[in-house]
Every structure is written in structure tokens, then in C-alpha cells.
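Data block below; observations after.
The values are calculated or read from the model by the stated rules, or taken from the named source; none is laboratory data. Since this is a predicted model, take the numbers as computed values, not measurements. For neighbour counting, all protein chains shown are included, and Cβ atoms are generated from backbone atoms with ideal geometry for every residue, glycine included. Only protein heavy atoms, including side chains, enter the accessible area calculation; ligands, DNA and RNA are left aside. Shrake-Rupley method; radii C 1.70, N 1.55, O 1.52, S 1.80 Å.
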Amino acid sequence: IAIRNLRPRRKQGFLKIISLFSYLGITMGVAILIIVMSVMNGFRADLTEKIIGLNPHLVLQLDNEKDLKKIKKKLAEKYQRIRFTESISGEGIILTNNKAKGILIKGINEKYKSQSFLNKEITKGNLNDFSNGRVMIGGELAYNLDLEIGDKINIVSSSFVNTPFGNIPMQDSFVIAGFFNSGFYEFDQNLIYLELNDSRSIFNIDKENIDLELFLEDPFLAEKYKKEIENINQNVFVSTWSDTNKSFFNALKIERNVMFIILTLIIIVAAFNIISGLTILIKNKTKEIAIIKTLGLSENSIIKSFFLTGFTIGFLATISGVFFGIIFSIYIDEIRNFLAMAFGLNIFPSDVYYLDEMPSQINPFSVSIIFTLSLLITSLASYFPAKTISKMKTTDALKYE
């Protein structure tokens, strides 16, 4: 009976249209939901990877060299694979070619250079040329300021020095040693690296005021190490890479949840077509339903047959949506490049999204939730119209036959 209902007669062509729209609506809803969730998961994973690569996993802010040595000793005794390095961070302005740009300045030492992403991401120049009086800058920053390797730049820091003429900001000249490209647009256009001694000089910082940066084998254990370090010394301020970017990741999480709710409405709207289609179908089949009831088919069996009619549409549409959603998610960057070339559209501007390619990460758990949710919605949409059959009176349906 369910199979016959899925193939209405020519006189019931309108039901075919409703069924088709139900199928396409649910397919599109499931596919779009999978694509959007995959892209947002990809965004989060890609940004997390780049942020972990660009930032230390833990930062300890100290103003006492004795505390610094004490903490390093205790951590080295307990965790032999933790890597330590010292750094200085601050803000400044770069002046060159009659242009000015606000920047983030980070002073690093030899240990940091050997374990940082700079080893992998240098696009021009050589890390061996990075020494006192020389800087490494982001490729986007170099492009915006029209800079080349060997050019001289002036850097003005946010620190001031007292002179007979008043407070004057600290500044110095440096030579560009190379460019790096992290793949993170915001970093590449705002970040520069100095030698530790140069940064100490330009920020007018003594040896005791320094940050101790820790690099872990597993960055996701940073919170655990943070608590242990705070137990060693309560006066030390400890921050993790997730603390530094907490608002950013919270915003991503909220956006992902909101998008999931909004896009689920597509499936719900498509499910209403199943309700309307089944309602019309049951109305048109009133006499047939009464006849098969009279012949002895139980009411529950009749309800099941019409429920299966709607559920089959929803099930096949969900399977199709999952298939197309996964295929689209796998080849999404290729599809984006094709559309950009074919129509000349910059669909994914790097200056807006901070990434140079479309990320996508298919999460089997998310796909299973979407699959289950779609089946649940279509089941409810199929059940309620089918349940109305129980209210139908056989005598009234056959009264005029």
C-alpha cells in the first residue's frame, strides 16, 4: 500500500509535485546543514592549529628572576619534555616609505627560533640571517608596505624614555631579514619578530621583567599544566593559548550552534510538505481506506502504511542529502575555485576570513546527529497525518456507495 501511495495516478499529479518538493527540500536541508557544519568545523580546526603554531601553549608572566629559575627547575624535574623559552611582546608602529602601520612586536631568542613555526613558514630569506638589528615580517605586511629583503625600517614602540624635552617614544632602525607566511591573514599583516635583546632595548625592559613561554607535546593539556604551575607559585600569572583566544573560540561555538538551529528549519519546512501531501492523500483515499478496513485490515496496519509513505520520502531524501553533503564538503575548495574562475567572484576573501583556503572537516558525529534529526522530523511529519485515520468512521465513508 505504501509503495502504491508513492506512485499516485495521473489524476493525482499534484501529489507527485508535493512529494517531489518534500524530497528536494529535505535533501537540500540535510546537505546544506552537513556542508555548513563541516566548513565551520574546518574553520575551528584550521584556526586552532595555526593559533597553536603561532602562540606558546602556556605563558608565565614574571617580574622576579629567582621565581623564574625556581619554576623552570621544578617543571624540568617533573616534566622532562616541556620546552622553555623566553620572550617579550608588545605593540608598536612601523615607519617606512612614508607609510605607517600599527604592529605587534615579539622578541624571541635562539631556542624559540629552533622550535617555532618560522622554520616551516619562511617564504623569502633565511632564518640564519635573523640576528640583532634584523627582523622577520609577515608577507602581507611586506606587500602592503612595499618592502623587500634588505630594506631598512623604523620601529616606534609603545614605551617612552624621559629626555630634557619630555617623554619621547623609543624607536630604532632595523633591516628586513626575511618574510614569513603563516596562512593566518591577521598575523601575516600585523606581526613582526625581533631578537630578544632588540625587543628588550626598544621596550626599555630589564632582564627580570620577561615572559616565560612553555611548549607542550599535547597543547590540549595546557589547562592541566596551568593548574599545576599555579600550585607551585601563586604569584605567577599563567595564561594558556585557549585563554588568549577565549572570546574568539566562544564566538565560533555560538555561531556554529545558531547556524545549526537556523538551517534545521529548512528540514522542518520541507517536512511540512510531507504533512500536507499525506493529508491530501488520505483525504483522496478515504473510500479505499474504508473498503480495506471492511475487508479486515487492522487500523494500525493502515496507519503504518501511510506512515511508511511519508517516512520513505524522508528517509530517501535524508540519505541523498548526506551523500551530496559529504561529497560537496570533500571537494568544497575545488568547487569554490571553479566558481571563482567561472564567474569572477571572490567567494572566500582571505582578508575577511583570515585563511587562504576553504577549510572543511567532516565530523562523523555531526553527520550522525543531522541524519538522526532529519529522520526524527520526517517521522513526526508522517505520523500525525497518518494518525488521523483512527478518527475516520467506516460507515460515513461508505454511506453513499
Taking 0.36 nm per residue of separation and subtracting the Cα-Cα distance, what length does fully extending Tyr331 through Lys70 add? 88.8 nm
Given labels modelled 7 Å from the Cα in the Cβ direction, how far is it in nm from Phe249 to Leu339? 3.0 nm
Can you give the extra length, in nm with one decimal, that the chain gains between Asn98 and Phe384 once fully stretched, where that is 0.36 nm per residue apart less the Cα-Cα distance? 95.8 nm
Kindly report, to the nearest 10 Å², the accessible surface of Met358 as traced by a 1.4 Å probe over protein heavy atoms only. 30 Å²
For Ser89, which sequence-distant residues (separation of 5 or more, or a different chain) have an amide H within less than 5 Å of its own amide H, given hydrogens modelled in the peptide plane? Gly107
Ser298-Met259 pseudo-label distance in nm [points 7 Å out on the Cα-to-Cβ vector]: 4.7 nm
Difference of contour (0.36 nm per residue) and Cα-Cα distance, Asn128 to Ile362: 80.3 nm
In whole Hz and in residue order, list the ³J(HN,Hα) couplings for region 360-371 that follow from phi through the Karplus curve 6.51 cos²θ - 1.76 cosθ + 1.60, θ = phi - 60°; x for Gly and Pro. 7, 9, 7, 9, x, 5, 5, 4, 5, 5, 4, 4
With every protein chain left in place and a probe of 1.4 Å, what is the accessible surface of Phe307, to the nearest 10 Å²? 60 Å²
At what distance in nm do the modelled label points of Phe160 and Lys283 sit from each other, each positioned 7 Å from its Cα along Cα→Cβ? 7.9 nm
Sum of side-chain charges, Met40 neighbourhood, beta-carbon under 12 Å (Lys, Arg +1; Asp, Glu -1): +1
